[in-house]
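Enquirer: Before I ask anything, here is the structure I am working with.
The values are calculated or read from the model by the stated rules, or taken from the named source; none is laboratory data. Note that this is a predicted model, so its numbers are computed, not measured. Virtual Cβ from ideal backbone geometry, glycine too; neighbours counted across all protein chains shown. Protein only, heavy atoms only, side chains kept; ligands, DNA and RNA dropped before computing areas. Shrake-Rupley method; radii C 1.70, N 1.55, O 1.52, S 1.80 Å.
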Amino acid sequence: MERPAWAPQGIDLSVPSVSRMYDFYLGGSHNFEADRIAARAAIEAFPGLPKIMQTNRAFMRRAVRYALSAGVTQFLDIGSGIPTFGAVHEVARAADERATVVYVDNDPVAVAHSRAVLEGQDGTGVVAGDFRDPAAILRSEPVRELIDFDRPVAVLLVALLHFVDDSDEPVAAVARLRRALAPGSLLVLSHASTDTGPRTAEQGARIAEVYRRGGASLTLRSREAILPFFDGFDLLAPGLVALPDWHPEEPVDEDDPVVYTGLAGVGRAA
């Protein structure tokens, strides 16, 4: 397989990546044939995935604007993937040129492409890091340079936590991040679930198996299992709701209920 110039050396192009599959769902071009094959299999198992991911992306943009309206201008986007059109820095810095954004991902392609996209962009940084090691993220040079933890920060865990097994103690990892945050900081979270929308638990099991075959874990949690991530945060209105129902800015496509698949919420640190 010919290696594109933007693909870092040392990665196996035959192994699919969660970040690059997400890029494919969003219509991006930074994915390989292995990613596209796995993504198509996931769509077959769980129809409507691209629309769900686009709805998730729209939630992220609304949450960034909400944070800015609350006076929060610092963003730590963990599990950021590849910053395609409408990424956090574009939304935040278009509204407030003082905004700072640090992207964190453990996929070398996502990290390399993020650095290329952000070259010369003020107020932005990229970290090769893993959510499961919050301490390493917090002490990384871009975070130390761009994030002042004496002021409120918006931590984005958007479409990330369903890729973290319970055995990796994701609730504890979120708590470690929370303890670093100043009062007024925000947790922006979205999570795959079949509690909302038309997809069944059986379809959820099928897509989890597709990701497992590609080497990734996928856990579709219930609303009750997602709520503990907000421990220590005040869950803001309207609560933990279906993706389109969080502060909607425009009418939802009622003809396709698949957009209601997945849950989203924002919490504020006391």
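Enquirer: What is the residue count in segment 121-137 for residues that are open to solvent by 40 Å² or more (accessible area, probe 1.4 Å) and either of a type outside the set (D, E, K, R) or over 18 Å from the mean Cα position of the chain (by Cα) (or both)? Don't jump to the end; show me each part of the working.
Expert: Within segment 121-137, the first condition is being open to solvent by 40 Å² or more (accessible area, probe 1.4 Å), and the residues that meet it are 121-122, 128, 130, 132-133, 135.
So of that shortlist, the ones also either of a type outside the set (D, E, K, R) or over 18 Å from the mean Cα position of the chain (by Cα) (or both) come out as 121-122, 128, 135.
Total satisfying the criteria: 4.
Enquirer: Go over the candidates G28, G48 one by one and state the one that is free of Cβ contacts under 8 Å to residues at least 60 places away in the same chain and not aromatic (F, W, Y).
Expert: G28
Enquirer: Looking at T73, T84, which one is of a type in the set (S, T, N, Q) and within 13 Å of the chain's Cα centre (by Cα)?
Expert: Numbers: T73 fails: within 13 Å of the chain's Cα centre (by Cα).
Selected residue: T84, the only one of T73, T84 that is of a type in the set (S, T, N, Q) and within 13 Å of the chain's Cα centre (by Cα).
Enquirer: Restricting attention to segment 172-208, report how many residues are open to solvent by less than 60 Å² (accessible area, probe 1.4 Å), among the aliphatic types (A, V, I, L, M) and in a helix (DSSP H, G or I).
Expert: Matching residues across segment 172-208 total 7.
Enquirer: Still on this structure: What single numbered condition from (1) farther than 22 Å from S193 by Cα; (2) in contact (Cβ under 8 Å) with a residue 60 or more places away in the chain fails to hold for R65?
Expert: Single failed check for R65: (2).
Enquirer: Now for a separate question. Report yes if D166 is open to solvent by 60 Å² or more (accessible area, probe 1.4 Å) and either farther than 26 Å from A128 by Cβ or under 19 Å from the mean Cα position of the chain (by Cα) (or both), otherwise no. Don't jump to the end; show me each part of the working.
Expert: On the way: open to solvent by 60 Å² or more (accessible area, probe 1.4 Å): yes; either farther than 26 Å from A128 by Cβ or under 19 Å from the mean Cα position of the chain (by Cα) (or both): yes.
Yes; evaluated as a whole, the condition is true for this residue.
Enquirer: When you go through (1) over 19 Å from G48 (Cβ atoms); (2) in a loop (DSSP other than H, G, I, E, B) one by one for G267, which number turns out not to apply?
Expert: Condition (2) is where G267 drops out.
Enquirer: Taking segment 211-263 as the search range and keeping residues that are within 27 Å of S14 (Cβ to Cβ), hydrophobic (A, V, I, L, M, F, W, C) and at pLDDT 95 or above, which one is most open to solvent (accessible area, probe 1.4 Å)? Spell out how you get there, then give the answer.
Expert: Going residue by residue through segment 211-263, those that are within 27 Å of S14 (Cβ to Cβ) are 211-220.
So of that shortlist, the ones also hydrophobic (A, V, I, L, M, F, W, C) come out as 216, 218, 220.
Now narrow it down to the ones that are at pLDDT 95 or above: 218, 220.
Values: L218: 24, L220: 51 Å².
The extreme case among them is L220.
Enquirer: Same structure, new question: Between S114, S140, S193, which is of a type in the set (S, T, Y), out of contact with any His (no Cβ under 6 Å at 6 or more places or on another chain) and touching a residue at least 40 places away in the same chain (Cβ under 8 Å)?
Expert: So the residue among S114, S140, S193 that is of a type in the set (S, T, Y), out of contact with any His (no Cβ under 6 Å at 6 or more places or on another chain) and touching a residue at least 40 places away in the same chain (Cβ under 8 Å) is S193.
Enquirer: When the residues of segment 19-57 are filtered to those that are among the polar types (S, T, N, Q) and not in a helix (DSSP H, G or I), which remaining residue is most open to solvent (accessible area, probe 1.4 Å)? Give the steps one after another, and end with the answer.
Expert: Restricting attention to segment 19-57, the residues satisfying the condition of being among the polar types (S, T, N, Q) are 19, 29, 31, 54-56.
Imposing the further condition that a residue be not in a helix (DSSP H, G or I) reduces the set to 29, 31.
Numbers: S29: 87, N31: 12 Å².
Out of the qualifying residues, it is S29.
Enquirer: Do we have R61 as within 12 Å of the chain's Cα centre (by Cα), open to solvent by 50 Å² or more (accessible area, probe 1.4 Å), within 26 Å of P108 (Cα to Cα) and of a type in the set (D, E, K, R) here? Full working, then the answer.
Expert: Values: within 12 Å of the chain's Cα centre (by Cα): yes; open to solvent by 50 Å² or more (accessible area, probe 1.4 Å): yes; within 26 Å of P108 (Cα to Cα): yes; of a type in the set (D, E, K, R): yes.
When the stated conditions are applied, R61 passes them.
Enquirer: Which one of these does P16 not meet: (1) closer than 25 Å to G204 by Cα; (2) modelled with pLDDT under 90; (3) crowded, with 16+ Cβ neighbours inside 10 Å?
Expert: Unmet condition: (2).
Enquirer: Right, here's the next one. Using beta carbons and a limit of 8 Å, which pairs, at least six apart or on different chains, have the first residue in segment 146-163 and over 20 Å from R57 (Cα atoms) and open to solvent by less than 20 Å² (accessible area, probe 1.4 Å) and the second one part of a loop (DSSP other than H, G, I, E, B) and at pLDDT 95 or above?
Expert: Note: pairs meeting the criteria are I147/V153.
Enquirer: Does any residue of segment 91-100 turn out to be in contact (Cβ under 8 Å) with a residue 60 or more places away in the chain and touching a strand residue (DSSP E or B) at 6+ places or on another chain (Cβ under 9 Å)? Spell out how you get there, then give the answer.
Expert: Taking segment 91-100 and keeping what is in contact (Cβ under 8 Å) with a residue 60 or more places away in the chain, we get none.
Checked against the condition, which is being in contact (Cβ under 8 Å) with a residue 60 or more places away in the chain and touching a strand residue (DSSP E or B) at 6+ places or on another chain (Cβ under 9 Å), segment 91-100 yields no hits at all.
Enquirer: Has segment 209-230 got any residue that is of a type in the set (V, I, T), under 19 Å from the mean Cα position of the chain (by Cα) and assigned to a loop (DSSP other than H, G, I, E, B)?
Expert: Filtering segment 209-230 down to residues of a type in the set (V, I, T) leaves 210, 219, 226.
With under 19 Å from the mean Cα position of the chain (by Cα) added as a condition, the list becomes 219, 226.
Those left that are additionally assigned to a loop (DSSP other than H, G, I, E, B): 219.
Yes, segment 209-230 contains at least one residue that is of a type in the set (V, I, T), under 19 Å from the mean Cα position of the chain (by Cα) and assigned to a loop (DSSP other than H, G, I, E, B).
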